[in-house]
Amino acid sequence: MTNKGWLVAVACSLAAGCAGNSASSSPGTVTPTDAKRFLDTVNDTTLRLGIQQAQAGWVQQTYITDDTEGIAARANQAANEAGARFAKESTKYDKVELPADQRRQLTILKTSLVLATPSDPKESDELSKIMARLESAYGKGKWCPDPAKPETCKNIDDVTRILAVPGDEKTLRTAWEGWHTVGPPMRKDYQRFVELSNKGAKELGFADTGAMWRAKYDMPPDEFTKELDRLWDQVRPLYLKLHAYVRLKLHEKYGDAVPAQGPIPAHLLGNIWAQDWSNIYLLVAPAHADPGFSLTDILKKRKMPALDMVRTGERFYTSLGFAPLPKTFFERSLFVRPKDREVVCHASAWDVDFVEDVRIKMCIEPTAEDFTTIHHELGHNFYQRAYKDLPVLFRDSANDGFHEAIGDTIALSVTPEYLVKIGLLDKAPDPSRDIGLLMTRALEKVAFLPFGLLIDQWRWKVFAGEITPAQYNKAWWDLRLKYQGVAAPAARGEEFFDPAAKYHVPDNTPYTRYFLAAILQFQFHRALVKTAGCTLPLNRCSTYESKAAGDRLNAMLSMGLSKPWPEALEALAGSKQMDATAILDYFAPLSKWLDEQLAGKPVGW
Ligand SMILES: [Zn+2]
């Protein structure tokens, strides 16, 4: 869920910027005509370099060799450098009176960078080297239980597999602590990265890198922070109940290793970062609520080919009124792991020419998880096609949470009744079984919320200097306690650097988008099924075959990034405000059930 990036094509139009030669003017003498010419150049070259970057990236990821890596790195570098130059140049037009859509394009440019490099070439070079070192330190990160025997070293996939199986507390603790050994070697570099990236952000007029990230949400940075607090307050009561129930069951399983009151040890929730608790479902499964079918078993039994799974996903979107995917999608996408070469199998969606040449790249297996992921990735593709006629700088989602939310919204409509309709299931389970399905979904989506929020809470404070290097690790665990109610298995002093054990920190990828997406998908789902006329409980509603819901969805998708996100939200949901109460509505039956289980039991930590 969290990092199936749509990657290069769209990312480059904004996050990195893709550019070439630009119109130049000296400050003080710029006119509206100069600004228009500048934007025309930016849009043209963004498209040109963006296509080169996407093509190079596609070949690199589907045919990994030293040469394709070199080609992709060059295309990325060209795009990044031009993007940085354009962001800086856009500030020249700050005081020019311009039509609203041109002013918006300049603002998008100005806030497009994730990393601003300082203009001093020596510092810029130092920062590039640090970023490359951090990325490689994480990528090559290994836990070596016996350094004398390299064959015993475990990479992140190995550690993930160990932590996914509940059972022996000591085994889980050792693996958890083992993976976190990747952090300390990155601490020094991270500290210097913060200094240098802040310097670059200041040169662009932002207080620090975190303020630069928050500036792209169409509201003052501080107001945006308050919005996130408000959303979290809405869902927190539900999270507290889920946390309390899971703690109760873990206490039964692990005894005193899990306190009856207080935080849950981070290594016992089935995931390295305790961000997705799906793997402990069997420990907390409600009695007599098994849905009675397994989509994975059905897909495996039918030996459903990858292409059929993709066609099924596509049919959901066409049933809403969207045009079928182009022929090139099926010719150029990668659906199965090739036997003859190395590829990056991590699922992603691509928009290679920024118009029609959309693709997905996945190594599809006949499982329920991949079935859902297909719907997620196609959501990116249908979004990309819906905004293809806008100026290039507007070919992106209303904010970065929206892009990640669309496919997940559709996946919420993959209900048992829908599976019956398309012939994958004979009969839908009766509503008494809903608690099992809702628990499964809550362990994934509700458990994620505080984690999705806290990563950037930590980083924003680090960039702002409110958290100093001497408190990096303490502040990290303070936040994990505050939001997640999770604690490290043993004391973690400043000799550790645990934030770096999460990919997005050393890779410098902003994380708030995933929190927003987790909230928005339920708000979208509630609005769309209402438009479709569904009067059942939210978790049993599907938008399948509703042209009315499709029209509503398309109204928002086709706006791209051309309008502030509250207006895009209104086009779909009828409100300018993000609203997490749709999550409470969706999980209402589970919430009631949790209340019954928790009567007289402690809640909170
Ligand atoms: Zn995605």
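For a quick protection proxy, order the peptides 36-49, 371-384 by their average other-Cβ count within 10 Å, most packed first. Display every interim value, and only then the final one.
Values: 36-49: 19.8, 371-384: 24.7.
Listed from highest to lowest mean packing, they are 371-384, 36-49.
Can you tell me the relative contact order of the chain? Whole percent, Cα pairs under 8 Å, sequence separation 6 or more.
Once normalised by length, the contact order is 19 percent.
Give the peptides 571-580, 495-504, 531-540, 553-562 in descending order of average Cβ contacts within 10 Å, highest first.
Values: 571-580: 17.3, 495-504: 19.9, 531-540: 15.6, 553-562: 22.1.
Going from most to least packed, we get 553-562, 495-504, 571-580, 531-540.
If we sort 77-89, 281-293, 411-423 on the protection proxy, mean other Cβ atoms within 10 Å, highest first, what's the order? Please report the intermediate quantities before stating the final value.
On the way: 77-89: 20.6, 281-293: 14.3, 411-423: 17.8.
Those peptides, ordered most packed to least, come out 77-89, 411-423, 281-293.
In percent, how large is the relative contact order of segment 513-558, given Cα pairs closer than 8 Å and 6 or more residues apart? Mind dumping the intermediate values first?
Working: 22 pairs, mean separation 14.6, N = 46.
Taking the mean separation of contacting Cα pairs over the length of segment 513-558, I get 32 percent.
Whole-Hz ³J(HN,Hα) for each residue in segment 115-129, computed from phi via Karplus 6.51 cos²θ - 1.76 cosθ + 1.60 with θ = phi - 60°, x for glycine and proline: what do you get?
The phi angles translate into 10, 9, 8, x, 6, 4, x, 5, 5, 4, 5, 4, 5, 4, 5 Hz.
For n ≥ 4 DSSP H runs only, could you compute -39500 (n - 2.57) per run for the chain, divide by its residues and tell me the 222 nm figure to the nearest 500?
Dividing the helical sum by the residues of the chain leaves -17500 deg cm²/dmol.
Just report the Cα centroid separation between segment 222-253 and segment 538-605, whole Å.
Centre-to-centre (Cα) distance: 17 Å.
Over 31 Å between Cα atoms, which of LYS241/LYS563; LYS88/LYS361; LYS502/LYS576; LYS129/LYS216; LYS110/LYS502; LYS421/LYS502 qualify? Before the final figure, lay out each step's value.
Working: LYS241/LYS563 38 Å; LYS88/LYS361 34 Å; LYS502/LYS576 33 Å; LYS129/LYS216 27 Å; LYS110/LYS502 28 Å; LYS421/LYS502 40 Å.
Violating the 31 Å limit, Cα to Cα: LYS241/LYS563; LYS88/LYS361; LYS502/LYS576; LYS421/LYS502.
Sequence gap at least 6, Cα distance under 8 Å: using those rules, report the relative contact order of segment 446-605 to the nearest whole percent. Before the final figure, lay out each step's value.
Numbers: 135 pairs, mean separation 31.0, N = 160.
Relative contact order for segment 446-605 comes out at 19 percent.
Consider just the alpha-carbon atoms of segment 26-99 and return their Rg together with their Dmax, both in angstrom.
Looking at segment 26-99, its Cα Rg and Dmax stand at 16.2, 50 Å.
If the viscosity is 0.692 mPa s and the temperature 37 °C, what Stokes-Einstein diffusion coefficient in µm²/s follows for the chain when Rh is the Kirkwood radius over Cα pairs?
Working: Rh = 25.2 Å.
The estimated diffusion coefficient comes to 130 µm²/s.
Residue by residue through segment 562-571, what is 3J(HN,Hα) from phi via Karplus (6.51 cos²θ - 1.76 cosθ + 1.60, θ = phi - 60°)? Round to whole Hz and write x for glycine and proline.
So the Karplus estimates, Gly and Pro as x, are 6, 10, x, 4, x, 6, 5, 4, 4, 4 Hz.
Between the alpha-carbon centers of segment 91-167 and segment 421-493, tell me the distance in whole angstrom.
Taking the Cα centre of segment 421-493 as reference, the centre of segment 91-167 is 21 Å away.
Quick note: the coordinates plus some simple rules give every number you see, no bench work behind them. Predicted, not measured: the structure shown is a model, and the values here were computed from it. Glycine also receives a Cβ, built like all others from the backbone with ideal geometry; neighbour counts cover every protein chain displayed.
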